[in-house]
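Participant: This is the structure I want to talk about, given as structure tokens.
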Amino acid sequence: MDLRKISEEMKSSFNGGKTLCMNWRRNQLEAILKLVVENEEEILDALHTDLGKSQTEAYRDEVALVINAARFALKNLHKWMAPIGVSLPLIAFYGSASLIAEPLGVVLIFTTWNFPFNLALEPLVGAIAAGNAVVLKPSEMAAATSDLLAYLIPKYLDNSMIRVVQGGPEECAKLLELKWDKIFFTGSARIGRIVMTAAAKHLTPVTLELGGKCPTIVDRMHSNDDLLVTAKRIVFGKWMLCNGQACVSPDYILVQEEIAAALVDSLKKTIKKFYGEDPSKSSDLSRIVNKNHFLRLTKYLQDPSIANTIVYGGRHDEKRLYMQPTILLNPPLTSDIMNEEIFGPLLPVITMKRIEDSIEFINSRPKPLAIYLFTNRENLRKRLLNETSSGSLVFNDTGVQFALDGLPFGGVGESGLGKYHGKYSFDTFSHQKAVLYRSLFPEIFFRYPPWNAFKLNMLKTSLAFDYWGAVLVFLGLKKMCSEVNREQKME
Ligand code: NAD
């Protein structure tokens with residue numbers, strides 16, 4: 001595949017101006033909806049082949065989210081594309097100003113394997129809504145979904161503007177040599193650095209949707225019922241999102257010492273309730289994506305320093321890429337599992353003498369993509385809000401912030417750069433062009449030299465008026481002049 005030729009063809013199609021039209025964007029968004037609805041079964045099958053995802057999980061996290069994103073964009077496109085009026089200072093009198101969202105051009109989207117359908121199509125929805133041409137590079141590690149996207153996208157979408165390029169690191173490197181108008185990357189911080197370095201050569205803007213370790217804090221609870229809900233919601237974010245292979249999954253837990261045993265107990269009971277005594281028999285638990293990731297995860301378990309900290313699980317089966325939900329109590333803070341992103345079904349639980357010390361614990365590490373806090377105490381919520389920084393901060397739940405159109409999704413610091421979802425996706429793929437219209441009348445004489453004290457005073461006085469103040473003064477002066485004229489004529 002000649003990638004340079006593809007990029008040149010797409011540039012020249014984009015320059016034809018087709019994507020500026022709202023109808024083109026609406027047609028493409030409707031075509032995405034059609035693609036998803038007409039091929040739901042094939043999509044769920046591909047996700048099962050790649051990750052052993054259950055139908056319900058795959059529908060909830062991939063199919064439904066893409067449908068929502070496309071519908072939300074269709075509903076709001078008119079509003080998003082409308083110019084935004086901006087108020088002006090006196091110096092710009094008489095005139096008007098607005099922001100016009102224009103497409104960036106031809107954008108490149110890289111995706112990951114863990115939500116390979118959603119993480120390809122949700123950014124695509126934003127890029128199309130904003131009127132861009134797109135080259136989409138799905139993850140080679142979710143090969144069935146990548147093949148399906150490469151088959152369906154040309155069938156449903158405008159091939160002159162939207163193309164799929166399949167491949168691994170070699171194709172990625174070739175794509176990165178070319179000049180794009182924007183690169184939207186979802187993946188690891190390691191590859192994110194490679195992408196940003198390559199983009200810098202062309203001064204190409206990037207959005208980096210990265211990961212890292214998402215801490216989950218559990219405070220003392222008012223009741224056992226609260227603790228049980230906490231356990232269920234942690235199990236949801238950890239094992240019900242692709243078996244922990246999700247950027248927003250709780251990576252480790254910091255728990256108030258006195259309730260650690262009760263929390264671990266509730267987690268175990270919840271896991272058994274959801275996946276049975278032997279989760280290897282459950283079809284509701286996703287599998288590890290491939291052998292490399294499986295071996296990466298088993299290496300954590302083979303670390304002698306954590307061997308006797310496993311309090312639940314630990315079983316695995318390489319042939320079936322199965323790994324049991326596993327809980328570790330107080331593994332050493334120097335171990336790899338406490339210093340690398342786990343991205344799998346292993347959950348360390350660290351006990352804290354004072355749960356407030358979690359703040360310092362988190363702040364001494366890179367800024368996370370998400371922080372979760374389970375508490376009944378408002379002052380602890382306030383402290384987390386004011387004293388920590390993260391892509392998102394969620395109280396009393398995990399993972400669900402990803403599914404909300406009204407909230408931006410993205411990281412900060414090591415966990416990412418930029419944001420998307422809903423209107424934020426449209427903004428991410430747009431340039432907000434500043435447009436100013438000036439009338440040729442009136443001409444403000446004190447903006448030009450030769451300077452004198454009077455002009456300087458006028459300049460200073462003008463700062464005291466805002467635009468509408470100036471309009472009123474102008475209309476007042478105009479009225480005064482016309483009255484003087486009339487009186488003079490009558491005399
Ligand atoms: P990855 O960084 O290995 O791969 C991501 C993409 O980069 C893939 O399309 C891959 O083909 C491409 N790539 C691989 N080598 C490359 C190279 N040398 N140059 C350019 N591109 C290259 O990530 P992954 O293993 O697919 O995903 C796991 C990571 O992604 C985790 O860190 C996780 O937290 C993060 N993630 C983030 C989000 C988010 O929305 N913030 C979502 C899912 C996953």
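The values are calculated or read from the model by the stated rules, or taken from the named source; none is laboratory data. The structure presented is a predicted model; accordingly, all values stated were derived computationally and were not measured. Counting neighbours? That spans all protein chains shown, and the Cβs are built from the backbone with ideal geometry, glycine included.
Participant: Could you tell me whether Gly192 is in a helix (DSSP H, G or I), in contact with a Gly (Cβ under 6 Å, 6 or more places away or on another chain) and modelled with pLDDT of 95 or more? Steps first, answer last, please.
Facilitator: Details: in a helix (DSSP H, G or I): yes; in contact with a Gly (Cβ under 6 Å, 6 or more places away or on another chain): no; modelled with pLDDT of 95 or more: yes.
So Gly192 fails the test.
Participant: How many residues does region 260-286 hold that are part of a loop (DSSP other than H, G, I, E, B), touching a helix residue (DSSP H, G or I) at 6+ places or on another chain (Cβ under 7 Å), surrounded by fewer than 20 Cβ atoms within 10 Å (Cβ to Cβ) and not acidic (Asp, Glu)? Before the answer, list the steps.
Facilitator: The first filter runs over region 260-286 and keeps only residues part of a loop (DSSP other than H, G, I, E, B), leaving 276-278, 282-286.
If we keep only those that are touching a helix residue (DSSP H, G or I) at 6+ places or on another chain (Cβ under 7 Å) as well, we get 282, 284-286.
Subset that is surrounded by fewer than 20 Cβ atoms within 10 Å (Cβ to Cβ): 282, 284.
Next cut, not acidic (Asp, Glu) only: 282.
Number satisfying all stated conditions: 1.
Participant: Pick out the one residue from Val134, Val165 that is touching a Lys or Arg at 6+ places or on another chain (Cβ under 6 Å) and at pLDDT 95 or above. Walk me through how you get there before you give the answer.
Facilitator: On the way: Val134 fails: touching a Lys or Arg at 6+ places or on another chain (Cβ under 6 Å).
After ruling out the rest, the residue left standing is Val165.
Participant: Right, next: Which one of these does His78 not meet: (1) within 15 Å of the ligand (Cβ to nearest atom); (2) assigned to a helix (DSSP H, G or I); (3) more than 15 Å from His421 (Cα to Cα)?
Facilitator: His78 satisfies all of (1) within 15 Å of the ligand (Cβ to nearest atom); (2) assigned to a helix (DSSP H, G or I); (3) more than 15 Å from His421 (Cα to Cα) except (1).
Participant: For region 123-176: of the residues being under 20 Å from His48 (Cβ atoms) and charged (D, E, K, R), which is farthest from the chain's Cα centre (by Cα)?
Facilitator: Per the criteria, the residue is Asp147.
Participant: Assigned by TED's automatic domain parsing to the domain that holds Val195, away from the ligand (no atom under 16 Å from the Cβ) and modelled with pLDDT of 95 or more: is that true of Ala101 in this structure? Steps first, answer last, please.
Facilitator: On the way: assigned by TED's automatic domain parsing to the domain that holds Val195: yes; away from the ligand (no atom under 16 Å from the Cβ): yes; modelled with pLDDT of 95 or more: yes.
Yes: the conditions hold for Ala101.
Participant: Only residues in region 104-121 that are on the phi > 0 side of the Ramachandran plot count as the first member; pair them with residues that are more than 9 Å from the ligand (Cβ to nearest atom) and polar (S, T, N, Q), Cβ under 9 angstrom, at least 6 apart or cross-chain, and list the lot.
Facilitator: Taking only residues 6 or more apart or on different chains, the pairs are Gly105/Asn15; Gly105/Asn132.
Participant: On to the next question. Being surrounded by 15 or more Cβ atoms within 10 Å (Cβ to Cβ), among the hydroxyl-bearing types (Ser, Thr, Tyr) and either under 30 Å from Leu176 (Cα atoms) or assigned by TED's automatic domain parsing to the domain that holds Ala133 (or both): is that true of Ser12 here?
Facilitator: Numbers: surrounded by 15 or more Cβ atoms within 10 Å (Cβ to Cβ): no; among the hydroxyl-bearing types (Ser, Thr, Tyr): yes; either under 30 Å from Leu176 (Cα atoms) or assigned by TED's automatic domain parsing to the domain that holds Ala133 (or both): yes.
Here the answer is no, as Ser12 does not meet what is asked.
Participant: Quick check, is Val435 in a strand (DSSP E or B), surrounded by fewer than 16 Cβ atoms within 10 Å (Cβ to Cβ) and β-branched (Val, Ile, Thr)?
Facilitator: Numbers: in a strand (DSSP E or B): yes; surrounded by fewer than 16 Cβ atoms within 10 Å (Cβ to Cβ): yes; β-branched (Val, Ile, Thr): yes.
Spelling it out, Val435 is indeed in a strand (DSSP E or B), surrounded by fewer than 16 Cβ atoms within 10 Å (Cβ to Cβ) and β-branched (Val, Ile, Thr).
Participant: Moving to a separate point now. Could you list, in sequence order, all residues of region 198-230 that are near the ligand (Cβ under 10 Å from one of its atoms) and more than 27 Å from Asn363 (Cα to Cα)?
Facilitator: Ala198
Participant: From the list Val229, Val264, pick out the single residue that is at pLDDT 95 or above and closer than 22 Å to Lys382 by Cβ. Steps first, answer last, please.
Facilitator: Numbers: Val264 fails: closer than 22 Å to Lys382 by Cβ.
Among Val229, Val264, only Val229 is at pLDDT 95 or above and closer than 22 Å to Lys382 by Cβ.
Participant: Right, something else. Do you know which residues across region 193-237 are touching a residue at least 60 places away in the same chain (Cβ under 8 Å) and of a type in the set (S, T, N, Q)?
Facilitator: Thr207, Thr216, Thr230
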